[in-house]
Structures are given as C-alpha cells and as structure tokens.
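Contents: one structure, followed by commentary.
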Amino acid sequence: MLEASHYYFHKAADFVGLSTKIRDIVLTPVRVVKVEVITEGDDAKLKHHLGFRVQHNRARGPMKGGLRYHPSVDEEEATALANLMTWKTAIVDVPFGGAKGGINCDPNELSERELHTITRTFVGQIKEVIGPTLDIPAPDVNTDARVMGWIMDEYSKFNGFSPGVVTGKPVHLFGSEGREEATGRGVMLVLEEVLKEQEKSLSDITVALQGFGNVGSFAARLMHEQGAKIVAVGDHLGGVSRAEGLDVAALVQWVSEHRTVKGFPGGDAFNSEDVLTWKADVLIPAALGDVLTKDNAHDVQAKFVVEAANAPTTPEADEIFHKRGILVVPDVLANAGGVTVSYFEWAQNIQQFRWEIDRVRKELASHMRKAYQSVTRVAQDRHTDLRTAAFVLAIERVAEAAMSRTLFSEAIDLSR
Ligand code: NAD
C-alpha cells in the first residue's frame, strides 16, 4: 500500500516538477509512534497488541486521520494512509495536515470491556503527541463514535475538558450532526457530479458495493434514496445480490443484527470477492485497501469506480482501468466527506457551538462540489487523470503552505 501511495505521489510530483530532495522531505513523516498496548483480558491473562500513530505532515494545520483496529495494522499501512490524509485534507481545503494510526488487533475477538481497556491504554501512551491543535484522531475501520467517546474521556483526564482532541464522537458527547453519514454522503455527492457530466443522475444507475460498514451502508442508503439500484453488496463473510435492486433499509437492519450481509433473505447469495467484477454501472469499494489488482482489473464490468475505501486500487489496476476507459474517482477525493465533517465537528468544539444538520449537509455539499470542480479543472488543464490531478492540486497546496511558513531558498515553481 505504501508503494502504491508513493507511486501516485511521484506521478503527480513529476507534473509539479518537485526535486528529489523536496520529494524526500515531503514523503518523510513528521513523527512515527509505535507503542506496546498491554492489557488484561477477560480471562485475566495478559493481552499484547501494537499501536501506531504516524503523523505525516502539518504544513496546513493540526494533523488529522483515523484510527483503525484490524490485524492488518502496521507501520507501513499507517504511513501509507497518513500520506493519503495529507493530500485529502488539502484537496477539500480543510485546515489540517495528515496522520493515521490504529491498533493491530481483531475486535471480533474482543469483548467490549477489552476494547475499552485497550483504547484507554493506547490513549495513555500517545496522549503527549495528540491534541486539538496537534493531531486529532477519528473513526476508521472497526472504530466508531463509542470508541471516540472513550478517547475524548481518557485524554481529558490528563488535559482537562478537550472535546476537540477527537472527531466522530457521539452527537450527545460533542459530536457533530451528520458526521456518521458524512463519508457515505460525500461519496454520493461526488458520484452525482460525475454523472452530471454524463447527463445522467443516480436514478439511472446500478451499483455494486464492497463493504457495508459505516461508509458503504450510508453511501448505499443515500444513493438508494436518490433512485440508484444497489444490485450487489459483498462484505468480509459473503455477498448478496438482487438485479431489481436490494431493499437497502432491510439490509441495514439485517446487518445491525447479524454484523454481515451474509444470509440476508432479500437476495441471492454469492462469494464476497465476486462483487468487484459484478455487472453494474458503478463499482464502489468501501472496505479494505489493495482489492483491485492486475488479477481482477480486466474483469471489472463497471464504467466508474468510486473509491470510498482508502487505497483500494493498485497502480497496475489503475493503469488497466485507464486503458479500458473506466473512470476512477480517487479515494483522496471520493471519501473526503468524513474529514470535511470532522473539520466542522472540531470547529464546533472549539467554538462551543452546535450546527443544525441542514447546515452540516449544505456545507459538506459545497466543499465536495468545490473539490470535485477543482480536481476536474486540473485534470482538464493538464490533460491527466483525476487521481494525478487530485495529487497535483494537493501537492501544490501543501508545498505553498510549507514554503510560506519559512524562508526556503530552494523553492519549487508553483506559477506554472
Ligand atoms: P467499517 O469497519 O465500518 O466497515 C468495514 C466494512 O468492510 C464491513 O462491511 C466489513 O465487513 C467489510 N470488510 C472487511 N474486510 C473485508 C474483506 N476482506 N472483504 C470484503 N469486505 C470486507 O469501516 P468504514 O469506516 O466503513 O471504512 C471502510 C473504508 O472506508 C476503509 O478503507 C476506510 O479507511 C475508509 N474510510 C472511512 C472513513 C470513515 O469516516 N469511517 C472515512 C474515509 C475513508
């Protein structure tokens, strides 16, 4: 994943004319934290996990990025995802840098008490390097509002009342209205813009979706409300399809009870990985990274791939999509709705003020559309794909901020 994020960076850096030295500086994280998270399990035996926080860049503001609880979490994955956050926050133009982290654990094998203890222990070990003006975590795979509430509480024990240390908190605990749905809503908004250019709307399309967690389920719900047919959904245990479109509300209810789409009675079962090559107009990967590869990219049947997940497409697959005329809306743009509303939440926390849901949705739509337009403008002007354009825009914004903070005599030419 790190190799892929570097590949996309260098492709764009060539457009911007970044020197090797500046590339090295930009790619090197500000700080990499690796800690042992030792806790006592329900069976009174010691549990041992590794926790990571990679702080990548702070030129444009405090660092920002999710916390993931998954067995795949390691320094390399966190570094790749922290990189992406730096570019993402710049693309949607929110005043943050990039960070990412998590704990190498499988929450499916932990009780709620164990998860709670692990979270508090981890916060105890990173509390000196996070904070409302330093680095602000948020939810990611297998973490949610409940976990964010625990983080706020633990951090506040040492620093006083600090709701702005973390976003994605429960709404009744200084969270923002609309944060939970934000990433899924952003995915829908960006897809709407893509379709507008094709003189189409959501009611004209069929969608296949991998992942039905926070991002996937909200994206499905909101697209379905606008008339899109969700024809196939796959998750970590199985898949379910219906050519006439799944009943998304019923599927959401099923998943809340069973924690998987597998077994849903309102459709036909299939092998989870087949969702990526399902016959649908739009494919939305909304689970883990590196799922679209050279081995399956030739078989993808969708005309559009909207990357709701982080880093789902390897560079080889990206190249194949490009050659096949499949339009890829990159993660750094498509899933930036979450960090955008995280910014609104942080701003509300700092101001001790609350926004109504209508304001959150209106501002999110405005940020996402503006970001989409800025990226497509760069793509048209520089005759390149959306991902390269998004990275070019982001690199220019980050570099401009970095240079304005000091007196670098070795500058890059941003006037082109
Ligand atoms: P989540 O934990 O709520 O849901 C993850 C989903 O992925 C679940 O449906 C799970 O079954 C599925 N999944 C896990 N392993 C799988 C596998 N091997 N095959 C198929 N499906 C699998 O996580 P989320 O918050 O919805 O995040 C999903 C993706 O979106 C991640 O890549 C995350 O980094 C990205 N993202 C999340 C946010 C956010 O606000 N939560 C913001 C930006 C990007």
remark   = With every protein chain kept in place and a 1.4 Å probe, the chain has an accessible area per residue in Å² of 42
request  = Return the distance in nm (one decimal) between the two label points of a simple spin-label model at residue 25 and residue 76, each offset 7 Å from Cα along Cα→Cβ.
outcome  = 2.8
Per-pair calculated FRET efficiency, R0 = 56 Å: residue 279 and residue 133 via Cβ, rounded to 0.05 = 0.70
ask   = Roughly how many debye, to the nearest 20, is the charge dipole of the range 104-262 about its Cα centre, given +1 on each Lys and Arg Cβ, -1 on each Asp and Glu Cβ, and no other charges?
value = 200
message = Considering only protein heavy atoms and a probe of 1.4 Å, how much of the accessible area of the range 1-134 is carbon and sulfur, as a whole percent?
response = 51
task = Let me have the 222 nm mean residue ellipticity of the chain computed from DSSP H runs of 4+ only, each contributing -39500 (n - 2.57), with the sum over all residues rounded to the nearest 500.
result = -14500 deg cm²/dmol
request  = Could you pull the Rg and Dmax for the range 303-407, using just the Cα atoms, both in Å?
outcome  = 16.3, 50
request  = Give the percent of DSSP beta bridges with both residues in the chain that are antiparallel, rounded to the nearest 5.
outcome  = 50
ask   = At 10 °C and 1.306 mPa s, what whole-number value in µm²/s does Stokes-Einstein give for the translational diffusion of the chain, with Rh from the Kirkwood sum over Cα pairs?
value = 74
query = How big is the shadow of the Cα convex hull of the range 150-290, averaged over all directions, in nm²?
reply = 10.1
remark   = Surpassing 26 Å at the alpha-carbon level, of the pairs 21/100; 262/370; 88/169, are 262/370
ask   = Remind me, relative contact order of the chain in percent, using alpha carbon pairs under 8 angstrom and six or more residues apart?
value = 17
Net dipole in debye of the chain [+1 Lys, Arg Cβ; -1 Asp, Glu Cβ; about Cα centre; nearest 20] = 1120
request  = Quick one: divide the alpha-carbon radius of gyration of the range 54-190 by 2.2 N^0.38 Å and tell me what you get.
outcome  = 1.00
task = Run the quick spin-label model on residue 34 and residue 256: label points 7 Å from Cα toward the beta carbon, then report their separation in nm to one decimal.
result = 4.1
task = Whole Å is fine, so just give me how far the alpha carbon centre of the range 292-308 lies from that of the range 185-204.
result = 18
Rg(Cα)/(2.2 N^0.38 Å) for the range 272-357, N = residue count = 1.37
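The values are calculated or read from the model by the stated rules, or taken from the named source; none is laboratory data. The model shown is predicted, which means the values in this text are computed figures rather than measured ones. Note: ideal-geometry Cβ built from the backbone for every residue, glycine included; neighbour counts use all protein chains shown. These accessible areas exclude ligands, DNA and RNA; they are computed on the full protein's heavy atoms, side chains included. Shrake-Rupley method; radii C 1.70, N 1.55, O 1.52, S 1.80 Å.
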